[in-house]
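See structure below.
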Amino acid sequence: TICGATDDRVLSNDPRAARVVPVGCTVWLIDDCARCFLTAGHCAGTSLQVVQFNVPLSTSTGSLQHPPPSDQYTVDLASKQTNGGQGVGNDWGYFGVHANSTTGLTPYQAQGQSYVLAAPPPFAAGDTIRITGYGTDSSPSTSNQVQQTNTGPWMSASGSALNYETDTTGGNSGSPILHETSGTAIGIHTHGGCSTTPGSGNNGTASTLAALQSALAAPLGVCA
């Protein structure tokens, strides 16, 4: 959800973040051994099928446009681990994809970068959190579910739940929670919560969640 009266997201081109269809969520490359992906658990159901990089603008009516086959990757279902999403602070998915059928490259080979996944640093009110992802948008409609980014202050951390005043919309689910000062991804954006009320925030799952760490320690499929 949008924090405050205006949507302050701007178009971006981070090569590490991608859109997954048909579910319409955000996924991102991490620095595990196989350079696999994290996303929200509620995005990791049967509609987690094709990962798309270098997504073009949508049409003037908001219809999604797709990149060429060379920028699309099929999800390896054998690699998927998720809890399906069990609320704020407990919502995660971890998976990999097959090499591109046209280029023979993995996403990391093609994109050249991945996020550094790290534990959240000690909470410091006002530290900047960046959310980059493929949220819905109608102003303009050409920005609908294409990559946009925004920054805002870190509001709180409680256990494995992170809260921040950074603009997001539906489709941002699964986005990396980037701690700007350290440059590391410290969690997965999963839930809205912002409004025009000062102090409200959006929410995500910290990278330190025990179940997520267990999955990362025992990768499956192409992630192994």
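Provide the per-residue ³J(HN,Hα) series for the stretch 122-136, in order, calculated from phi with Karplus coefficients 6.51, -1.76, 1.60 and θ = phi - 60°, each as a whole number of Hz, with x at glycine and proline positions. These are the phi-based 3J(HN,Hα) values: x, 4, 9, 4, x, 3, 8, 10, 10, 10, 10, x, 10, x, 5 Hz. Measuring with a 1.4 angstrom probe and ignoring ligands and nucleic acids, residue 191 comes out at about 60 Å² accessible. Expressed as a whole percent, the accessible surface of the chain that belongs to carbon and sulfur atoms is 53, based on a 1.4 Å probe. With all protein chains in place and ligands, DNA and RNA left out, the 1.4 Å accessible area ranks 156, 207, 138 as 138, 156, 207, largest first.
Per residue, the chain reaches -1500 deg cm²/dmol at 222 nm when only DSSP H runs of four or more residues are counted, each adding -39500 (n - 2.57).
For residue 187, the residues 5 or more places off, or on other chains, whose built amide H falls under 5 Å of its own are 177, 207.
Each label was represented as a point 7 Å from its Cα along the Cα-to-Cβ direction; for residue 49 and residue 109 these points are 2.6 nm apart. The order of 71, 7 by accessible area, most exposed first and with a 1.4 Å probe, is 7, 71. In order along the stretch 170-176, the phi-based Karplus estimate (6.51 cos²θ - 1.76 cosθ + 1.60, θ = phi - 60°) of 3J(HN,Hα) comes to x, x, 6, 3, x, 4, x Hz; Gly and Pro are listed as x.
The largest accessible area among 77, 64 belongs to the first residue in 77, 64, and the rest follow in falling order (1.4 Å probe, all chains).
Going by the alpha-carbon gyration tensor, a ≥ b ≥ c the square roots of its eigenvalues, is the chain rounded (a/c under 1.5) or, if a/c is not under 1.5, prolate (a/b greater than b/c) versus oblate?
oblate
In order along the stretch 154-159, phi translates into HN-Hα couplings of 6, 9, 6, 9, 9, x Hz, rounded to whole numbers, per the Karplus curve 6.51 cos²θ - 1.76 cosθ + 1.60 with θ = phi - 60° and x for Gly and Pro. Accessible area per residue for the chain, computed on protein heavy atoms with a 1.4 Å probe, is 39 Å².
The values are calculated or read from the model by the stated rules, or taken from the named source; none is laboratory data. Because the structure is predicted, anything quoted here is derived from the model rather than measured. Cβ coordinates were reconstructed from backbone atoms using ideal geometry, including for glycine residues, and neighbour counts include every protein chain displayed. Just the protein is used for accessible areas: all its heavy atoms, side chains included, with ligands, DNA and RNA removed. Shrake-Rupley method; radii C 1.70, N 1.55, O 1.52, S 1.80 Å.
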